[in-house]
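Accompanying notes for the structure given below.
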Amino acid sequence: MFRGLTIGEFAAVTHLSVRTLRRYHSSGLLEPASVDPASGYRYYSGDQIPTAQVIHQLRRLDVPLSSVARILATEDTEVRAGLVAEHLRRLEAELDRTQAAVASLRTLLSPDTTWPRTELRSVPARTVAAIEDVVDHDDVLSWYAGAMAELDAAVSGQPSLGPPGGLYANELFTGGRGTVLVHRPVTDPPALGRVKPVDLPPVELAVTVHSGSHDDIDVTYGRLGSWVVEHALAVDGPVHETYLVAPRDTADPAAWRTEIGWPVFRLTPE
């Protein structure tokens, strides 16, 4: 009587190693169709091949074994799709972080040691339309997208007095959570929903422009910081960013231009 596929044969047709199949058996993730009580040999049925292939693909995506078990245990296709989609979102976030780290390392390890073009600029007091909130560092991008969309809708139809910008408290970087303010300079800042008129005080900024993708913007931050130290200045207040050309303006990262401004004051000589 045909007992099914041996573990070696099943491994060959599913591209799962014998060692992996034994581990899945012991964990209860994929049990053989039968086990010979005398020899202990494992046998698998042809009906188990699709299940093994699903497991193989999920593991290629680094889905944890516990999540694989949940996916296999539910018969609801929408629930299954939701579990897979949740993991894919985590993978995409990890990929974004990896790409940003690689871009930063390439820039840092390049032989270019020239200072970025930097200037000191006195910015007068102004009133802007703004949204302000306390945000976790990991949530800044999604918060920014929602806040800027709300801000754009609130000032629609008004003449713009300049590009949009943001202020980022130092605690956002040092503690992982801090105040973020995004703003649009317009002639008549409204009070609508989260949007409110905000008075920005005058400030002295050390300013440079980061060109291109934001993946390595931290390198420009670092070089600006070195320039500040080199010129005997100290940082005083939240980071200012001005979005001269932003992702909302063009999908081409090479065209992006982000102005970075650090509020500074001159150190008293000893």
Open item on the list: Considering only residues that are more than 23 Å from Ala125 (Cα to Cα) and touching a residue at least 60 places away in the same chain (Cβ under 8 Å), which ones fall in segment 231-250?
Closed with: Ala246, Arg248
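Return a yes/no flag: does segment 203-217 have any residue that is among the aliphatic types (A, V, I, L, M), over 22 Å from Pro124 (Cβ atoms) and buried (at least 17 other Cβ atoms within 10 Å of the Cβ). Let's see the steps before the verdict.
Residues of segment 203-217 among the aliphatic types (A, V, I, L, M): 203, 205-207, 209, 217.
In the following step, the residues that additionally are over 22 Å from Pro124 (Cβ atoms) were identified as 217.
Still in the list and also buried (at least 17 other Cβ atoms within 10 Å of the Cβ): 217.
There is at least one residue in segment 203-217 that is among the aliphatic types (A, V, I, L, M), over 22 Å from Pro124 (Cβ atoms) and buried (at least 17 other Cβ atoms within 10 Å of the Cβ).
Within segment 165-199, restricting attention to residues that are small (Gly, Ala, Ser) and either part of a strand (DSSP E or B) or out of contact with any Ser or Thr (no Cβ under 9 Å at 6 or more places or on another chain) (or both), which residue is nearest to Ala129 (Cα to Cα)?
Pass one, segment 165-199, residues small (Gly, Ala, Ser): 165-166, 169, 175-176, 178, 191, 193.
Subset that is either part of a strand (DSSP E or B) or out of contact with any Ser or Thr (no Cβ under 9 Å at 6 or more places or on another chain) (or both): 165-166, 175-176, 178, 191, 193.
Values: Gly165: 11, Gly166: 11, Gly175: 27, Gly176: 26, Gly178: 20, Ala191: 8, Gly193: 12 Å.
Per the stated criteria, the residue is Ala191.
Could you check how many residues of segment 154-177 are surrounded by 19 or more Cβ atoms within 10 Å (Cβ to Cβ) and either free of Cβ contacts under 8 Å to residues at least 60 places away in the same chain or among the hydrophobic types (A, V, I, L, M, F, W, C) (or both)?
If we filter segment 154-177 for residues that are surrounded by 19 or more Cβ atoms within 10 Å (Cβ to Cβ), which is where we start, we get 154-155, 164-168, 172.
Keeping just the survivors that are either free of Cβ contacts under 8 Å to residues at least 60 places away in the same chain or among the hydrophobic types (A, V, I, L, M, F, W, C) (or both) gives 154-155, 167, 172.
Selection size over segment 154-177: 4.
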Open item on the list: Please verify whether Leu151 is in contact (Cβ under 8 Å) with a residue 40 or more places away in the chain and either of a type in the set (S, T, N, Q) or closer than 19 Å to Ala125 by Cβ (or both), treating the condition exactly as stated.
Closed with: no
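All of the numbers you see were taken from the coordinates with simple rules; none came from a lab. Everything numeric here is computed off the predicted structure, so don't read it as measured data. Cβ coordinates were reconstructed from backbone atoms using ideal geometry, including for glycine residues, and neighbour counts include every protein chain displayed.
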